[in-house]
1. For H138 paired with A73, estimate the spin-label separation in nm (one decimal), with each label point 7 Å from Cα along the Cα-to-Cβ line.
2. Using Cβ-Cβ distances only, list the Cys residues of the chain with no partner cysteine under 4.7 Å, sorted by number.
3. S100's amide H: which non-local residues (gap 5+, or another chain) put their own amide H closer than 5 Å, with H modeled 1.01 Å from N in plane and none for Pro or chain starts?
4. So what is the calculated 222 nm ellipticity per residue for the chain, using -39500 (n - 2.57) for each DSSP H run with n of 4 or more, over all residues, to the nearest 500 deg cm²/dmol?
5. If you compute log10 I(q)/I(0) by the Debye sum over Cα atoms at q = 0.13, 0.14, 0.16, 0.22 Å⁻¹ for the structure shown, which of (i) -0.49, -0.57, -0.75, -1.45; (ii) -0.59, -0.67, -0.83, -1.32; (iii) -0.58, -0.67, -0.89, -1.69 do you land on?
6. Of I36, I115, how do they rank once you tally other Cβ atoms within 10 Å and put the fewest first?
7. Give me, ordered by chain and number, the residues 5 or more places off A68 or on other chains with an amide H under 5 Å from its own placed amide H.
8. How do V56, V76, V63 rank when sorted from fewest to most other Cβ atoms within 10 Å of their own Cβ?
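Please treat every number below as a calculation from the coordinates, not as lab data. Since the model is a prediction, treat every value here as computed from it, not as a measurement. Heads up, the Cβs are rebuilt from the backbone with ideal geometry, glycines too, and the neighbour counts pull from every protein chain shown.
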Amino acid sequence: MKILISACLLGVNCRYDGGNSRDENAISLHQSDELIPVCPEEAGGLPTPRPAVEIVGGDGNDVLDGKARVLTADGVDKTEEFLKGAQFALELAQSQSATSVILKSKSPSCGCGEIYDGSFSRTLISGDGVTTALLKRHGIEVISIS
C-alpha cells in the first residue's frame, strides 16, 4: 500500500521550529508499505524555520470555506500558503493512489480531530487542520500521530 505521511514524522527537519517529530511507531507499523513524505507547509511555500501559526476563527474546514484565516501570533496572514500546501498534498495523494494519510497531530495544517484554538495559548479545540480537512472532503482517510 502507498501511504502519504508527514515528513516530520519520518525525521525530516521541516517543522515550524526547524526540528522534526520522528515517530518510530508510525515508521515501524508501515514497514511493508510505501511511505510518501509530504510537508504541506513547505509545499505551500513556507520556509523552515518559520513563525508559528494557528487557525483563527475556526478550523481547517472554515479556512477552506473562507470563514477563518491562518495567522502568525503577530497577525501575518499565511492562509494562501496553507491552501496551496493542502492542494499539493491532495494532488500527491491522488496521483500516488495513497490508501491513507498519516499526519502530525495538532498542526494547523495536518491536525486531525484536535488543533490549537488560535489564541496562541496552547489551548486545544476539536477540529481539523487545513490539509486534513481537504483530504477528508475528498474521501481520503487521515490518521493522526502525536
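1. Once both label points are built, they end up 3.4 nm from each other.
2. C8, C110, C112
3. Hits under the 5 Å cutoff: L4.
4. On the way: 5 runs with 40 residues, N = 146.
Theoretical 222 nm ellipticity from helices: -7500 deg cm²/dmol.
5. (i)
6. Numbers: I36 17, I115 27.
So the residues, fewest neighbours to most, are I36, I115.
7. Result for A68 returns V63.
8. Details: V56 20, V76 10, V63 26.
In increasing order of surrounding Cβ atoms, one gets V76, V56, V63.
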